[in-house]
Amino acid sequence: PPVPQGLLRAARRSGQLSLAGRGLRDVPPHVWRINVDTPEEAQQNLSFGAADRWWEQTDLTKLILASNKLQSLSEDVQLLPALTVLDVHDNQLTSLPSALGQLENLQKLDVSHNKLQSLPEELLQLPRLRSLLLQHNELSHLPEGLGQLLSLEELDVSNNHLTDIPTSFALLINLVRLNLACNQLKDLPADLSAMKSLRQLDCTKNYLETVPSKLATMASLEQLYLRKNKLRSLPEFPSCKLLKELHAGENQIEVLNAENLKHLNSLSVLELRDNKIKSVPEEITLLQKLERLDLANNDISRLPYTLGNLPQLKFLALEGNPLRTIRRDLLEKGTQELLKYLRSKIQDDGPGPNEEPPVTAMTLPSQARVNMHAITSLKLLEYSEKQAAEIPEEMFDAVGTNPVATVNFSKNQLREVPPRIVELKDSVCDVNLGFNKISSISLELCRLHKLTHLDLRNNVLTSLPKEMEALTRLQIINLAFNRFKVFPSVLYHLPALETILLSNNQVGSIDPVQLKGMDMLGTLDLQNNDLLHVPPELGNCENLRTLLLEGNPFRTPRAAILAKGTAAVLEYLRSRIPT
């Protein structure tokens, strides 16, 4: 298909031309010659307005030919010496013209998603090239001289057939991002450690059995991806003081040593799932900035309780381990519950968790079925899974002056909140009344001013009282599987709320303006409700890290957008706000 003259005219003015997605099998010659030939309109004896003075044209600096059917590029590319960006990704190129080497102003070259088997040596003559994208081709080797591209800041060679890396890579001292993922690399050259600017290194899905110890001296490295390799151990990282993310899941790591961890002062993400790790060293508590720790599907049988003291930890995954000290139902309650449990065990110097206090002559018979140890040592008042219509008085009597932090009355037949719960108001911070038949929230519950976690899932609630505004410390509320038809407005007035779980109700609308005022809100789960419309202004709630909307009857955003995750959904919604 011919290139419209209007596009070429605009390109002469702006210096930019996009011919993406036009089904081109060849680039028309006059595109290469856009800055050489006299334009057609000059042949016709026209009077030129100021906008059309072709002799004042701008040299083409940006040419986008992506998503066509090009099998080759002409050597005439050298007629565009001013090009800074050339994008030909998603074509059918099997080779590149040697004339590319003449484009001495080129800063970005994207030839990803083609069928390239080799690169011309001339490519190594581009002195200003900063970004070279070669991912998803058929390259089995890279030119030995690639290290000559001294200005290179970004190099992506992922999804090729590479079996080794040229040693000259060590010369790329300005490289910031290097992606080697999805190749056939068995080892990495130790010289990579000379890349003094490298911040992100992705080696996912190769055949690496070791990581050179010198790699651990890379002082600027911030993100290291080693997932899906054949590693048996982690390197020690004496110099990686800035490393923020270490992803090493799906390997064969058996031992996690203190030495592997103790220098990683900046680490916020440590992902080691699907390995064969048997134990976690106490030194993990040195990682004071750790926010996410994924140890799922390993062979860990016990954890250091001091994990509970990591101040920033927001996500801890442990499922799929043969843990002896932690019950499975506790794992399912989520990170905060787990950390709280671990902390309670640090302070717990009393009898073991399953030992009842001895029944002495002084113990009242009725009190023998109250677990006093749980109350005194674990600060836990538990009467769950009894299918009871009410909580026995002796449970509250037994508390006495002991400060109780956690109350679990879940999985009973309670129709109301037990009124005596108010007696615990000065100490209780976690209440679980899930899986009952509670239809309304009592004022007694609203007086538990230290409450941070409230679990009311699987009841028959239709509304929440205004008096709940008094729960100013409440961080997490679970209202899933109830009968709410409207979003409970009192939630908008709880300043500390971080997580609202409201799935599987019948909520029909939300107020994005009020939600935006909830500064701490990071998670909002509204799956399986009756939302017919998602207000675009919800996109302004930029604090939201997790927004779940699946299973509602609205038409937009479509499922494909929802599948991209929260950031994409919020961005999409913002784009729909009427201006």
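The values are calculated or read from the model by the stated rules, or taken from the named source; none is laboratory data. Computed from a predicted model, the values in this text were never measured in an experiment. Don't worry about glycine lacking a Cβ; one is built from the backbone with ideal geometry, like all the others, and counts go over all protein chains shown. For accessibility, only protein heavy atoms count, side chains too; no ligands or nucleic acids. Shrake-Rupley method; radii C 1.70, N 1.55, O 1.52, S 1.80 Å.
Descriptive notes on the structure:
- Among residues of the stretch 113-131 that are assigned by the TED database to the domain that holds Pro97 and buried (at least 19 other Cβ atoms within 10 Å of the Cβ), those with a beta-carbon under 8 Å from a residue that is of a type in the set (Gly, Ala, Ser) and not in a loop (DSSP other than H, G, I, E, B) at least six positions away or on a different chain give the pairs Leu123/Gly101; Leu126/Gly101.
- In the stretch 80-92, residue nearest to Asn35 (Cα to Cα) [restricted to those that are hydrophobic (A, V, I, L, M, F, W, C) and surrounded by fewer than 19 Cβ atoms within 10 Å (Cβ to Cβ)]: Ala82
- Filter pass, Ala248 being surrounded by fewer than 19 Cβ atoms within 10 Å (Cβ to Cβ), of a type in the set (A, V, I, L, M, F, W, C) and within 22 Å of the chain's Cα centre (by Cα): no
- A Cβ distance below 7 Å, combined with a sequence gap of six or more or placement on separate chains, defines the contacts here; from the stretch 267-280, residues that are touching a residue at least 40 places away in the same chain (Cβ under 8 Å) reach residues that are aliphatic (A, V, I, L, M) and surrounded by fewer than 20 Cβ atoms within 10 Å (Cβ to Cβ) in the pairs Arg273/Ala296; Arg273/Ala317.
- Identity of the residue in the stretch 132-161, over 28 Å from the mean Cα position of the chain (by Cα) and hydrophobic (A, V, I, L, M, F, W, C), that ends up surrounded by the fewest Cβ atoms within 10 Å (Cβ to Cβ): Leu150
- Residues of the stretch 277-293 satisfying the condition of being touching a Lys or Arg at 6+ places or on another chain (Cβ under 9 Å), part of a loop (DSSP other than H, G, I, E, B) and open to solvent by 40 Å² or more (accessible area, probe 1.4 Å): Ser279, Lys289, Glu291
- Residues of the stretch 511-530 that turn out to be farther than 15 Å from Ala480 by Cβ, open to solvent by less than 20 Å² (accessible area, probe 1.4 Å) and in a loop (DSSP other than H, G, I, E, B), as a count: 3
- Whenever a residue of the stretch 132-153 is free of Cβ contacts under 8 Å to residues at least 60 places away in the same chain, its partners that are surrounded by 15 or more Cβ atoms within 10 Å (Cβ to Cβ) and aromatic (Phe, Trp, Tyr), lying with C-beta atoms within less than 8 angstrom and at least six residues away or across chains, give the pairs Leu146/Phe169; Gly147/Phe169.
Every residue, every condition in (1) assigned to a loop (DSSP other than H, G, I, E, B); (2) among the aromatic types (Phe, Trp, Tyr); (3) farther than 21 Å from Thr472 by Cα, yes or no:
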| site | (1), (2), (3) |
| --- | --- |
| Ala388 | yes, no, yes |
| Met395 | no, no, yes |
| Val407 | no, no, no |
| Ser410 | yes, no, yes |
| Arg415 | yes, no, yes |
| Val422 | no, no, no |
| Phe435 | yes, yes, yes |
| Leu451 | yes, no, no |
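- Verdict on Glu355 being outside the structural domain of Gly249 (by the TED database), farther than 24 Å from Lys425 by Cα and at pLDDT below 80: yes
- Some residue of the stretch 200-212 being at pLDDT below 95, touching a Pro at 6+ places or on another chain (Cβ under 7 Å) and open to solvent by less than 40 Å² (accessible area, probe 1.4 Å): yes
- Residue among Leu286, Leu264 that is touching a Cys at 6+ places or on another chain (Cβ under 8 Å) and either free of Cβ contacts under 8 Å to residues at least 60 places away in the same chain or polar (S, T, N, Q) (or both): Leu264
- Residue identified as of a type in the set (S, T, N, Q) and at pLDDT below 95 among Gln71, Gln44, Gln16: Gln44
- When restricted to residues that are open to solvent by 20 Å² or more (accessible area, probe 1.4 Å), assigned to a loop (DSSP other than H, G, I, E, B) and within 22 Å of Val404 (Cα to Cα), the stretch 458-495 contains 3.
The rows are residues; the columns are (1) of a type in the set (S, T, N, Q); (2) open to solvent by 40 Å² or more (accessible area, probe 1.4 Å); (3) not assigned by the TED database to the domain that holds Gln200.
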| position | (1), (2), (3) |
| --- | --- |
| Phe237 | no, no, no |
| Glu259 | no, yes, no |
| Asp299 | no, yes, yes |
| Leu313 | no, no, yes |
| Gly320 | no, yes, yes |
| Arg324 | no, yes, yes |
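- Count of the stretch 106-157 residues which are more than 15 Å from Ile173 (Cα to Cα) and in a loop (DSSP other than H, G, I, E, B): 24
- Test: residue in the stretch 328-339 that is within 24 Å of the chain's Cα centre (by Cα), closer than 29 Å to Arg457 by Cβ, at pLDDT 90 or above and in a loop (DSSP other than H, G, I, E, B): no
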